[in-house]
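The values are calculated or read from the model by the stated rules, or taken from the named source; none is laboratory data. Computed from a predicted model, the values in this text were never measured in an experiment. Note that each Cβ is placed from the backbone with ideal geometry, even for glycine, and that neighbours are counted across all protein chains shown. All accessible areas refer to the heavy atoms of the entire protein, side chains included, with ligands and DNA or RNA removed. Shrake-Rupley method; radii C 1.70, N 1.55, O 1.52, S 1.80 Å.
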Amino acid sequence: MVRLYFLTLYFLLGTLVIHAQNQPPCSDFNDASNPAGNWVPAPYPNGMVNASFGNPNSLDGSQYLILSDLSGSSWYVNDQDYKFLGERFAGQCLYFDFYLKSDGGYGAPVHPRITLSNGTNSITFLASVTVTPGSGWVRVKAPIAAATSSALPGNSDGSWTMDPGMTWNDFNGVMYGSTMVMLSPDYTSSPSETVLYDNICVKSCENCGGCNSNFKLQMTTSTSGSYTTGQVFLESTNAPDLYKADWGDGTTGDVMTSHTYTSSGSYKICVTQFENGKPKCTTCLEVCIPKPADSGNGKKQEPMRSPMKEIADAAKGEKTPVADKGFILVPNPARNYVEIKMNNDKKGSVSVTVTDASGKAVIQSTETVESGPQSMTLSTEKLIRGLYHIEIKSGQSSAVQKLMISK
């Protein structure tokens, strides 16, 4: 009888332990006696960071975490509460609140970020929104989702990134086998940055479970100009297999697979969300595929001239007031990405065309943006070093600026 009682109690406790482990973790730093909870500086020499606490977070009036950078690698980690996030909480989101107090002289807008590690590799969610010192609190949600061979997961709040040399299988190894969440205030070589974090919580993705067929579209033209590749990026964290893409040339397919156009012309690209095999909602964007650029054909060539003035002008681009040119490019010069900041009179479709020195369109991107101050992030990883022009079209208005790619 005693043994039976003990065995029953063992199984009951085991059930309680399993249940507790599957409770979504949440760090709000509000505990009066131990606000840090299981958060600690990373082991030496990677934990050169000072942690303290303050209040109130203007988003909810609560206490928050303050991280101040010290000399060296500055990581603040939790290796207890966020293990195996992809295995335990797939389809949900990892939320965090962020505030930039001091950028250490960085001098450019900062993308809030949060990092997962499995002890071997790490992946980082980079928010689309940017902040500057004192600009205010922002709340970001990162989808807890797997990568595919063609894309890393993302949503309207930003995208997951991974370390150079990693594969999408490595990414999933971190997402599903995570051992810790990592935070860092380190943005410059100067140990004077201070950032604030709060409400690092796993929960259902708000505004993501309903019907949302909005998407971003990036078009990349080959160096020869003989073909253009389109790639859809969903703004929803719903499962990608709920969606189908109609590429406007009689071809349909899943949204995770890119599509290649070999003929110039205007195409209407639509993404439809399905429920129980029936269309639920659809969003469409129109794009223009350019004709291949002329490669001479006996035409007189323009004399070569130094590009230094254009490079200098481009380098000053981010200092030009938005009102003067309609939008601003940050950073400029750029390397792997450029953020396009604008102020829209109303919600609508915005198209971006990047052209090289010969006038050939090398990148086209179209998306629907809200009214007011907005930003679009454009990948420039495939662009070679040189001077480019970025044209923004919204409704009947358009504007052009120079962009320098420096690699």
Which residues' amide hydrogens lie under 5 Å from the amide hydrogen of Ser74, considering only partners 5 or more residues apart or on another chain, with H built in the peptide plane? Met48
1.4 Å probe accessible area per residue over the range 101-227, in Å²: 38 Å²
Given a 1.4 Å probe and every protein chain left where it sits, what share in percent of the accessible area of the range 117-190 is carbon and sulfur? 51 percent
Solution diffusion estimate, µm²/s, Stokes-Einstein, the range 112-180, Kirkwood Rh from C-alpha pairs, 20 °C, viscosity 1.002 mPa s: 170 µm²/s
Binned Cα-Cα distance frequencies in the range 34-87 - 5 Å width, integer %: 5, 17, 21, 21, 19, 13, 5, 0
Under the Karplus relation 6.51 cos²θ - 1.76 cosθ + 1.60, θ = phi - 60°, what is the ordered set of whole-Hz ³J(HN,Hα) values for the range 253-260, x standing for Gly and Pro? x, 6, 7, 8, 9, 6, 10, 10
From the phi angles alone, apply the Karplus equation (6.51, -1.76, 1.60; θ = phi - 60°) to the range 131-146 and give each ³J(HN,Hα) in whole Hz, x where the residue is Gly or Pro. 10, 10, x, x, 6, x, 6, 10, 10, 10, 10, 9, x, 8, 8, 8
Calculated P(r) of the range 363-405 - Cα pairs past 15 Å, %: 53 percent
Given 4 °C, 1.567 mPa s and a Kirkwood radius over Cα pairs, the Stokes-Einstein diffusion coefficient of the range 20-63 in µm²/s is 104 µm²/s
Protection proxy (average C-beta count within 10 Å per residue), highest first, orders 69-80, 250-261, 189-200 as 189-200, 69-80, 250-261
Taking a ≥ b ≥ c as the square roots of the Cα gyration tensor eigenvalues, with a/c under 1.5 meaning rounded and otherwise prolate when a/b beats b/c, else oblate, which class fits the range 159-206? oblate
List the residues, sorted by chain then number, that are 5 or more residues from Ala334 or on another chain and whose placed amide H is less than 5 Å from its amide H. Met404, Ile405, Ser406
Stokes-Einstein D for the range 98-138, Kirkwood Rh over Cα pairs, 4 °C, 1.567 mPa s (µm²/s): 114 µm²/s
Spelling it out for Ala108: with amide H atoms placed in the peptide plane at 1.01 Å from N, the residues 5 or more places away or on another chain with amide H under 5 Å from its amide H are none
For the range 187-204, Karplus-derived ³J(HN,Hα) couplings (6.51, -1.76, 1.60; θ = phi - 60°; whole Hz; x for glycine and proline) come out as 10, 9, 7, 8, x, 9, 7, 9, 10, 10, 10, 7, 6, 8, 9, 8, 7, 4
